[in-house]
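Working notes, structure below.
The values are calculated or read from the model by the stated rules, or taken from the named source; none is laboratory data. All values derive from a computational prediction rather than experimental measurement. All Cβ positions, glycine included, derive from the backbone under ideal geometry; neighbour counts span all protein chains shown.
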Amino acid sequence: MNDAAVLDLPTRRDEDFRYSDLSALGTVWPVAREQITVPPGENGSLSLVPEGPGVAVRHLVITLGDGARFDLRALNAGHAFGRIAIDVRLGARAEFTFGAAQVGGSSETLEIVTTVTHAATDAVSRQTIRSVLAGAATGTYLGRVAVARGANGTDSNQSVRAMLLDRTATANARPELEIYADDVKCAHGCAVGELDAAGLFYLQSRGLTPADAKRLMLQAFIAEAFVGAADQDALSAAALTALEALL
Amino acid sequence: MTMLLQIEHLQADVAGQPILKGLSLTVNAGEIHAIMGPNGAGKSTLGYTLGGRPGYDVTGGAVTFAGQDLLALAPHERAAAGMFLGFQYPVEIPGVSFLQFLREALNAQRRERGEPPLSGGEFLKLAREKAALLRMDMDMLKRPVNVGFSGGEKKRAEMVQMGILDPRFAVLDETDSGLDIDALRICGEGINAIMRRADKAVLLITHYQRLLDYVKPDFVHVLAGGRIVKSGGPELAHELEREGYEAVVS
């Protein structure tokens, strides 16, 4: 891609920006690409937490050497427009973990767009995305997994779930697989739903208020994205603050 | 004698279908009432209607609980007022720890009643005591609510919850279903230990006599077609067991 192309504001015809808030994007465009390189055999981790309201757009380009591991967690919440784009390239036996939660209400637009490239053999990628959307919010996950020719032994998983608190909220989810190797395992699961009414009544019948019953169930739902994170408690606390703003 | 629950001519619909058709029942403090009846009689609907479950629409009648209009209260307010609903099918809630949920629930009830919250230590002591009463391993209560529990474990966990929440009135919907002989005895003894008190009362909804061997009812009622069609003492349960609903009801 040449520099001129990078500088042009994307349009809706660009699949990666199909559900974006383009006018909000225009206020911060062009977005710098943050390079992260983990040398062979080494480990790294990063947590992205909201830094305030308004527009927050990040684009990470992550390169994992052979046998490298990287653990990325993100909370996409509290933004009128929040976008996290991630391009990851995995060397042989590399391991990439991505756990993210999106929590939005009113007319917020939140999106996570990932491209995970298994460039060599026996690499592992795990993505867990949980979205809680209220009001007229839109939450999107576009996740491409590309398995290069010869990248046998690839093990990739995408688990994508969204919870709609109001019928006026929107969830978009599009896992996409591009596989050029024979011996691969690429699992993906995707579900959009509402809170279980039987569970909510059960909790309330024990004395929890409707808001507390919802919060407890949504906390558990979101926690799945942060399991095993080094700063799980801080992420969960930030997510709880975002959830409480919705309830 | 203190009246705890008074149901007057209660009518309720589920999905637009009338299920309860003028049910009346009075329960005083210190009493245990058993409700028996054939499938489809409205037994579970009675339990859910008293608990305030959405979708169980009251279309007529009145329910007074400890001097309050029960039907005007939201489910969590009914719990704080001292009502406990034991579920026939306790709900699994992935990711939510039993202990965390119960502590929040108990403290929410206490807050609603103007009582101070229990500390973590006080709560754990209480939970341990009630789990031991029902012979339930505390480790199970560290797991997500009912997830991976057998049918019998779920019912015992319901009784542990009842012990911790210490209600004045319990509606127990087929607590005996899915229990083996030992678990039935343990649950029966648990109900007696927690609820057999002069200031409390129980409404036991059941199909069978066997639970009543452990929890001796003061009154037995037959529910059929959405109404109480016959009431009597404990001997009525034996009569039903011997002769079947059809003979007794007709």
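It is to be established whether one or more residues within the stretch B:15-30 are among the aliphatic types (A, V, I, L, M) and modelled with pLDDT under 95. Yes, because at least one residue in the stretch B:15-30 is among the aliphatic types (A, V, I, L, M) and modelled with pLDDT under 95.
Please indicate, with yes or no, whether at least one residue in the stretch A:184-200 is within 14 Å of chain B (Cβ to nearest Cβ), within 24 Å of A:SER47 (Cβ to Cβ), modelled with pLDDT of 95 or more and surrounded by fewer than 19 Cβ atoms within 10 Å (Cβ to Cβ). The answer is no, given that none of the residues of the stretch A:184-200 is within 14 Å of chain B (Cβ to nearest Cβ), within 24 Å of A:SER47 (Cβ to Cβ), modelled with pLDDT of 95 or more and surrounded by fewer than 19 Cβ atoms within 10 Å (Cβ to Cβ). If you take the residues in the stretch A:217-234 that are touching a Leu at 6+ places or on another chain (Cβ under 7 Å) and not in a helix (DSSP H, G or I), which one is surrounded by the most Cβ atoms within 10 Å (Cβ to Cβ)? Selected residue: A:PHE226.
The lone criterion from (1) in contact (Cβ under 8 Å) with a residue 24 or more places away in the chain; (2) within 21 Å of A:ARG73 (Cα to Cα); (3) outside any strand (DSSP E or B) left unmet by A:TYR141 is number (3). Looking across the stretch B:161-177, the residues that are in a helix (DSSP H, G or I) and within 12 Å of another protein chain (Cβ to nearest Cβ) come down to B:GLN161, B:MET162, B:ILE164, B:LEU165. Is at least one residue of the stretch B:93-106 assigned to a loop (DSSP other than H, G, I, E, B), at pLDDT 95 or above and not acidic (Asp, Glu)? No - not one qualifying residue is present in the stretch B:93-106. Suppose we filter the stretch B:121-147 for residues that are part of a loop (DSSP other than H, G, I, E, B), in contact (Cβ under 8 Å) with a residue 40 or more places away in the chain and not charged (D, E, K, R); how many remain? Residues meeting the conditions: 3. One residue stands out in the stretch B:46-80 among those that are more than 9 Å from chain A (Cβ to nearest Cβ) and crowded, with 20+ Cβ neighbours inside 10 Å: the one that is nearest to B:LEU223 (Cα to Cα), namely B:LEU46.
For the condition more than 14 Å from chain A (Cβ to nearest Cβ), buried (at least 18 other Cβ atoms within 10 Å of the Cβ) and in a loop (DSSP other than H, G, I, E, B), B:ALA41 qualifies.
Here is the figure for the stretch B:81-108: residues that are more than 10 Å from chain A (Cβ to nearest Cβ), out of contact with any Phe, Trp or Tyr (no Cβ under 6 Å at 6 or more places or on another chain) and more than 23 Å from B:ARG53 (Cβ to Cβ) total 1.
Scanning the stretch A:145-176 for residues that are under 15 Å from A:VAL88 (Cβ atoms) and over 12 Å from the mean Cα position of the chain (by Cα) returns A:VAL145, A:ALA146, A:VAL147, A:ALA148, A:ALA151, A:THR154, A:ASP155, A:SER156, A:ASN157, A:GLU176.
Being within 14 Å of chain B (Cβ to nearest Cβ) and either under 18 Å from A:TYR19 (Cβ atoms) or in contact with a Lys or Arg (Cβ under 6 Å, 6 or more places away or on another chain) (or both) narrows it down to one residue among A:ARG174, A:ARG161, A:ARG206, A:ARG144; which is it?
A:ARG161
Quickly run through the stretch B:213-246 and pick out the residues that are in a helix (DSSP H, G or I) and under 24 Å from B:GLY82 (Cβ atoms). Across the stretch B:213-246, the qualifying residue is only B:TYR214. Of the set (1) in contact with a helix residue (DSSP H, G or I) (Cβ under 7 Å, 6 or more places away or on another chain); (2) of a type outside the set (A, V, I, L, M); (3) within 14 Å of chain A (Cβ to nearest Cβ), all apply to B:ARG111 but (1).
Scanning the stretch B:114-129 for residues that are within 14 Å of another protein chain (Cβ to nearest Cβ) and closer than 18 Å to B:ALA193 by Cβ yields a single hit, B:ALA127. Just checking, which of B:ARG197, B:ARG156, B:ARG168 is of a type in the set (D, E, K, R) and surrounded by fewer than 16 Cβ atoms within 10 Å (Cβ to Cβ)? Just a single option satisfies the conditions, and that option is B:ARG197. For the stretch A:22-54, residues that are part of a strand (DSSP E or B) and under 23 Å from A:ILE222 (Cβ atoms) total 4. Residues of the stretch B:191-198 include none that is at pLDDT below 95 and of a type in the set (A, V, I, L, M, F, W, C).
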